[in-house]
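K.L.:
Sharing a structure with you now.
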Amino acid sequence: YLKERIKSLEKGKKTYPEVKFLTYKDRKRILISGGAGFVGSHLVDRLMMEGHEVTVVDNFFTGRKRNVEHWLGHENFELINHDIVNPLFIEVDQIYHLASPASPPNYMYNPVKTIKTNTIGTNNMLGLAKRVRGRLLLASTSEVYGDPEIHPQPETYWGHVNPIGPRACYDEGKRVAETMCYAYAKQDAVQVRVARIFNTFGPRMHMNDGRVVSNFILQALQDEPITVYGEGTQTRSFQYVSDLVEGLIKLMNSNYSQPVNLGNPDEHTILDFAKIINGLVGGKSKIVHKPAMTDDPRKRKPDIKVAKSQLRWQPKVSMMSGINKTIEYFRGELHRSRHSERN
Ligand code: NAD
Ligand code: UDP
Ligand code: UDP
């Protein structure tokens, strides 16, 4: 009986993506807070395949197990269901601190929790980095520039943020998170890295998180009206997720400790973006205008001179090819959700 049982277990044995072998000296213990989310799960894939030991902490507010399930059970991988507002004691070498709701509808859903995650949560991650003498990279955001008066935005720009508006829980939360990083660096010699991430898209974005890329693609795929908020003259610059992941890893392992913009400077108005997506999907959607969002930044485009010179990094994936990959992903997701509804 046992022989049969072992045989059947072996047959159903889980196979994993290929992982490089690293010697003990080169292998790092890496914590990713928010690692079950969109960006975090792609970072998990890269670091696992490079041969590191990866621990994810996530409370599954916007992330999901499915994003990392292909690693569950792997000896180098661990998933901890934990809210970073509470202290966490583990032993690691590097921390990628990504935990925070990221899309406007998600971070506005519970603004107090957004602030707590970015302040108390960041404090806990920094306390952890301090105790283990590790290095922490904060996933900050272009939102620290608010509705910018300088275009494109260099890291030296201090920003133009409404401290009490609907976006403040996120913008100000990230601003104080940055402040905390440099306070711990100064006072306790914690090694910090700060990435100011600009709009990023790609597979594993949530279907319903309300961001412009997911909204427009889903609307176009379902022949529903494409909803442009306001006139659509506001601009954004979109980067594909694999470029961001490359930038985050380069920044973590560089000697540069000041904030670095990571984004693709390819800028479009939202109305153009709606037309581009509609064209690529080949759907029959019409474009409709909805009321503008309060405090919606009118333009946004990264100045990436620092990333180019300090990290030798620049985006490689064009917006068109990234959008096509994302459309394919959403097609699959729609098919999946229809199928699971029937069953
Ligand atoms: P996401 O929502 O997919 O991922 C965030 C993850 O953090 C989720 O898995 C969520 O469950 C987890 N989380 C939230 N609060 C938590 C808490 N209190 N404790 C533990 N886990 C918690 O978002 P994303 O797009 O992957 O963003 C990742 C990071 O990058 C965020 O910090 C975000 O602010 C930053 N960022 C993203 C973008 C973008 O365009 N995607 C742009 C700028 C900055
Ligand atoms: N902390 C944590 N994990 C650790 C070390 C600290 O979560 O491994 C938390 C700790 O509970 C505290 C925060 O990080 O709330 C800041 O730690 P720090 O040592 O700076 O402050 P203190 O403990 O002296 O208040
Ligand atoms: N937007 C839109 N229609 C949508 C969703 C968003 O016109 O269905 C606009 C939004 O007002 C903003 C831009 O698209 O000007 C980017 O929004 P998103 O929420 O993706 O990210 P943000 O850069 O505002 O954080």
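K.L.:
When you look at Ala220, is it closer than 15 Å to Tyr329 by Cβ, modelled with pLDDT of 95 or more and over 15 Å from the mean Cα position of the chain (by Cα), yes or no? Full working, then the answer.
P.N.:
Numbers: closer than 15 Å to Tyr329 by Cβ: yes; modelled with pLDDT of 95 or more: yes; over 15 Å from the mean Cα position of the chain (by Cα): yes.
Answer is yes for this residue.
K.L.:
Can you name every residue in segment 11-44 that is loosely packed, with under 11 Cβ neighbours inside 10 Å and under 19 Å from Glu69 (Cβ atoms)? Show your work before the answer.
P.N.:
Residues of segment 11-44 loosely packed, with under 11 Cβ neighbours inside 10 Å: 11-15, 17-18, 21, 23-25.
Hits for segment 11-44 are Gly12, Lys13, Lys14, Thr15, Pro17, Glu18.
K.L.:
Can you say whether Asp171 is within 12 Å of ligand 3 (Cβ to nearest atom) and not in a helix (DSSP H, G or I), as far as the supplied structure shows? Outline the logic, then answer.
P.N.:
On the way: within 12 Å of ligand 3 (Cβ to nearest atom): yes; not in a helix (DSSP H, G or I): no.
The answer is no for Asp171.
K.L.:
Need the failing condition index for Ser142 against (1) among the polar types (S, T, N, Q); (2) over 24 Å from Val245 (Cα atoms); (3) crowded, with 17+ Cβ neighbours inside 10 Å, just the number.
P.N.:
Ser142 satisfies all of (1) among the polar types (S, T, N, Q); (2) over 24 Å from Val245 (Cα atoms); (3) crowded, with 17+ Cβ neighbours inside 10 Å except (2).
K.L.:
While we're looking at this one, here's another question. Checking Asp188 against (1) buried (at least 19 other Cβ atoms within 10 Å of the Cβ); (2) within 16 Å of ligand 2 (Cβ to nearest atom), only one condition comes out false. Which one?
P.N.:
So Asp188 meets the others, but not (1).
K.L.:
Search segment 299-329 for residues being basic (Lys, Arg) and closer than 30 Å to Asn255 by Cβ, and hand back the single one that is surrounded by the fewest Cβ atoms within 10 Å (Cβ to Cβ). Steps first, answer last, please.
P.N.:
Within segment 299-329, the subset basic (Lys, Arg) is 299-301, 305, 308, 312, 316, 325.
The next check asks that each one be closer than 30 Å to Asn255 by Cβ; those that pass are 300-301, 305, 308, 312, 316.
Working: Arg300: 22, Lys301: 21, Lys305: 12, Lys308: 11, Arg312: 9, Lys316: 11.
Filtering first and then ranking leaves Arg312.
K.L.:
State which residue is farthest from Arg167 (Cα to Cα) when the search covers only segment 115-127 and only residues that are crowded, with 24+ Cβ neighbours inside 10 Å and without any contact (Cβ under 8 Å) to a residue 60 or more places away in the chain. Steps first, answer last, please.
P.N.:
Our first condition is that a residue be crowded, with 24+ Cβ neighbours inside 10 Å; within segment 115-127, this holds for 117-118, 121-122, 125.
Imposing the further condition that a residue be without any contact (Cβ under 8 Å) to a residue 60 or more places away in the chain reduces the set to 117-118, 122.
Details: Thr117: 15, Asn118: 13, Thr122: 19 Å.
So, considering only residues that are crowded, with 24+ Cβ neighbours inside 10 Å and without any contact (Cβ under 8 Å) to a residue 60 or more places away in the chain, the one farthest from Arg167 (Cα to Cα) is Thr122.
K.L.:
Quick check, is Asp296 touching a residue at least 60 places away in the same chain (Cβ under 8 Å) and surrounded by fewer than 16 Cβ atoms within 10 Å (Cβ to Cβ)?
P.N.:
Details: touching a residue at least 60 places away in the same chain (Cβ under 8 Å): yes; surrounded by fewer than 16 Cβ atoms within 10 Å (Cβ to Cβ): yes.
Yes: the conditions hold for Asp296.
K.L.:
So, one more: So Gly282 ticks every box in (1) over 30 Å from Ala185 (Cβ atoms); (2) touching a strand residue (DSSP E or B) at 6+ places or on another chain (Cβ under 7 Å); (3) of a type outside the set (S, T, N, Q) but one. Which box is left unticked?
P.N.:
So the condition that Gly282 fails would be (2).
K.L.:
For Ile164, all conditions in the list (1) under 28 Å from Lys299 (Cβ atoms); (2) among the β-branched types (Val, Ile, Thr); (3) within 16 Å of the chain's Cα centre (by Cα) hold save one; what is the number of the exception?
P.N.:
(3)
K.L.:
If we keep just the residues of segment 125-161 that are of a type in the set (Gly, Ala, Ser) and under 16 Å from Ser237 (Cα atoms), which is farthest from ligand 3 (Cβ to nearest atom)?
P.N.:
Restricting attention to segment 125-161, the residues satisfying the condition of being of a type in the set (Gly, Ala, Ser) are 127, 129, 134, 139-140, 142, 146, 159.
Remaining after also requiring under 16 Å from Ser237 (Cα atoms): 142, 146.
Numbers: Ser142: 8, Gly146: 11 Å.
Filtering segment 125-161 for residues that are of a type in the set (Gly, Ala, Ser) and under 16 Å from Ser237 (Cα atoms), the one farthest from ligand 3 (Cβ to nearest atom) comes out as Gly146.
K.L.:
Please indicate, with yes or no, whether at least one residue in segment 39-57 is at pLDDT below 95, closer than 18 Å to Pro203 by Cβ and more than 16 Å from ligand 1 (Cβ to nearest atom). Let's see the steps before the verdict.
P.N.:
Taking segment 39-57 as the starting set, the residues that turn out to be at pLDDT below 95 are none.
Looking for residues that are at pLDDT below 95, closer than 18 Å to Pro203 by Cβ and more than 16 Å from ligand 1 (Cβ to nearest atom), one finds none in segment 39-57, hence no.
K.L.:
Starting from segment 214-242, take each residue that is on the phi > 0 side of the Ramachandran plot and list its partners that are away from ligand 1 (no atom under 16 Å from the Cβ) and part of a loop (DSSP other than H, G, I, E, B), counting only C-beta distances under 6 angstrom and pairs at least six apart or across chains.
P.N.:
From residues that are on the phi > 0 side of the Ramachandran plot, the pairs are Asp223/Gly283; Asp223/Lys284; Asp223/Ser285; Gly230/Ala292.
The values are calculated or read from the model by the stated rules, or taken from the named source; none is laboratory data. Just so it is clear, the structure is predicted and the values come from calculations on it, not from any experiment. Methodologically, a virtual Cβ is constructed for each residue, glycine included, from the backbone with ideal geometry; neighbour enumeration extends over all protein chains shown.
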